[in-house]
1. Kindly provide the set of residues from the stretch 127-160 that are within 15 Å of residue 182 (Cβ to Cβ), of a type in the set (A, V, I, L, M, F, W, C) and in a loop (DSSP other than H, G, I, E, B), ordered by number.
2. Test of understanding: among 40, 55, which residue is assigned to a loop (DSSP other than H, G, I, E, B) and closer than 30 Å to residue 14 by Cα?
3. Can you name the residue in the stretch 211-245 that is in a loop (DSSP other than H, G, I, E, B) and of a type in the set (Asp, Glu) and is also modelled with the lowest pLDDT among such residues?
4. Checking residue 180 against (1) in contact (Cβ under 8 Å) with a residue 12 or more places away in the chain; (2) part of a loop (DSSP other than H, G, I, E, B), only one condition comes out false. Which one?
5. (1) within 17 Å of residue 214 (Cβ to Cβ); (2) of a type outside the set (A, V, I, L, M, F, W, C); (3) surrounded by fewer than 16 Cβ atoms within 10 Å (Cβ to Cβ): which one isn't true of residue 161, the others all being true?
6. Of the residues 306, 294, only one is out of contact with any Ser or Thr (no Cβ under 7 Å at 6 or more places or on another chain), surrounded by 15 or more Cβ atoms within 10 Å (Cβ to Cβ) and either hydroxyl-bearing (Ser, Thr, Tyr) or in a strand (DSSP E or B) (or both); which?
7. From the list 254, 300, 250, which one is crowded, with 18+ Cβ neighbours inside 10 Å and either within 22 Å of residue 418 (Cβ to Cβ) or under 25 Å from the mean Cα position of the chain (by Cα) (or both)?
8. Would it be correct to say that residue 285 is surrounded by 15 or more Cβ atoms within 10 Å (Cβ to Cβ), in the same structural domain as residue 256 (by TED's automatic domain parsing), in contact with a helix residue (DSSP H, G or I) (Cβ under 8 Å, 6 or more places away or on another chain) and touching a residue at least 40 places away in the same chain (Cβ under 8 Å)?
Amino acid sequence: MPDVEVRFGYPMRKWQRECAGKAAGRRFVVLALHRRAGKTEIALKKLLNAAMRATVELPMFFYVAPFRSQAKVIAWARLKQMVAVMASIGQVEVNESDLFVRFAHNGAEVRLFGADNPDAMRGVRLDGAIVDEVAQIKPEVWEEILQPALSDRKGWAWFIGTPKGVNLFSELYFGATDRADWASARYTVYETDALDPAEVERLRQTMSEASFAREYLCDFSAAGDNQVMSLTDVEEASRRVHPLGSNEYAPLIAGVDPARFGDDRSVLFPRRGLVAMKPLVWRGVDNMTLAGHVADWMRANSPDAVFCDAGAGSGVIDRLRQLSMDVVEVNFAGRPSDPVYLNKRAEMWFNLRDWLRNGGALPNDTALKQDLAGPTYEYDRANRIQLEAKEAIKKRGLPSPDLADALALTFAHPVGKRSIASAGGAPERQRAREHDPYS
């Protein structure tokens, strides 16, 4: 077999050699690289070297971009160039219509695919894969197609991209530190020497701080220009600790967000003052069962107010009231108190953001942090702020932000703490009627 290290020039730059070293012995590698760092170059060289060395029967390797047309534009011409000499002497077959190259000595194939047609990748046995621009790819492509295809022969996968908010890429990058057989690395524009320093300085001066941080410093925590909350704010809040009992002066409030669809979560999220407590989460429960869980929690904790989403929770609200539970319905699409917002949901989320920035403490929950940092916002024609819809968030490959919506509900209306007089002596049902959650 030819010396593939020389033939394909892999690894090449210093940071690429470091990547190869960090990836040694790891099946799964996540690389956060700035724009124009040479992501596609290292990806193709990794695939070709692996294909050249393969000794198993009918080796198969994939390069996956968000779109097939994108894979063809950014990778196909370079891939053909890399194997041109071998192709000219019959050592490599190049197939233009199906976008693959096949090595004659072992039958190994390197194929290009787009994640926009995931079914085209089903039913294969994979030995290795590169997933490029991971931030733009739906989690299902990895979880339901590529990962199972790698199982037969315990194949490997590299995930390469530039941070772009909360998505599959950020989930894999941060999750790699806690998983066996995984590794992650990040290289900024100041570490790769891929761009002229004068050009880097021009970019830094002309781009917004957040955009430069994302695109060239590979900063996952940099908020998007239209992101409600940044990962920085959320991470800081998850590490924030208030002294025990320091928020007892404040009312105990809970938000209840019933599930809308089969894969959504039903959530009860308690909050007291600057402390958001651990949420209660249920999957696959009907309205009556959920109402029973909420009622049990209310009896045990005597909250000052419970706000429930009226859109998907009308049955839950009706049942709770039958059980003499004092619950306030909130219509996410309803009129806000502040006309700067399009609806109540947008207002609650921005109230939550202000609370978080002003000292709010969150439980250290990965799913919650992803929920909070996921949604974006925009302005309508009347210049009112509107929040990204749940359906749109799910289309971007993120889960429905049920945890965050439940916490946002605790900011639906001002709440006063029950007075000592009403809290003691009177029967529970009478106290529930006397309490005014809007006081």
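The values are calculated or read from the model by the stated rules, or taken from the named source; none is laboratory data. Only a predicted model underlies this, so the values are computations on that prediction, with no experimental measurement involved. Positions of Cβ are generated from backbone atoms using ideal geometry, with glycine treated the same way; all protein chains shown enter the neighbour counts.
1. If the condition is that a residue be within 15 Å of residue 182 (Cβ to Cβ), of a type in the set (A, V, I, L, M, F, W, C) and in a loop (DSSP other than H, G, I, E, B), then 150 is the only one that fits.
2. On inspection, the qualifying residue turns out to be 55.
3. Of all residues in the stretch 211-245, those in a loop (DSSP other than H, G, I, E, B) come to 218-226, 228-230, 240-245.
Filter once more, so that each one left must be of a type in the set (Asp, Glu): 219, 225.
On the way: 219: 80, 225: 64.
Per the stated criteria, the residue is 225.
4. (1)
5. (3)
6. The conditions single out 306.
7. On the way: 300 fails: crowded, with 18+ Cβ neighbours inside 10 Å; 250 fails: crowded, with 18+ Cβ neighbours inside 10 Å.
Going through 254, 300, 250 in turn, the sole match is 254.
8. Numbers: surrounded by 15 or more Cβ atoms within 10 Å (Cβ to Cβ): yes; in the same structural domain as residue 256 (by TED's automatic domain parsing): yes; in contact with a helix residue (DSSP H, G or I) (Cβ under 8 Å, 6 or more places away or on another chain): yes; touching a residue at least 40 places away in the same chain (Cβ under 8 Å): no.
For residue 285, the condition - surrounded by 15 or more Cβ atoms within 10 Å (Cβ to Cβ), in the same structural domain as residue 256 (by TED's automatic domain parsing), in contact with a helix residue (DSSP H, G or I) (Cβ under 8 Å, 6 or more places away or on another chain) and touching a residue at least 40 places away in the same chain (Cβ under 8 Å) - is not met.
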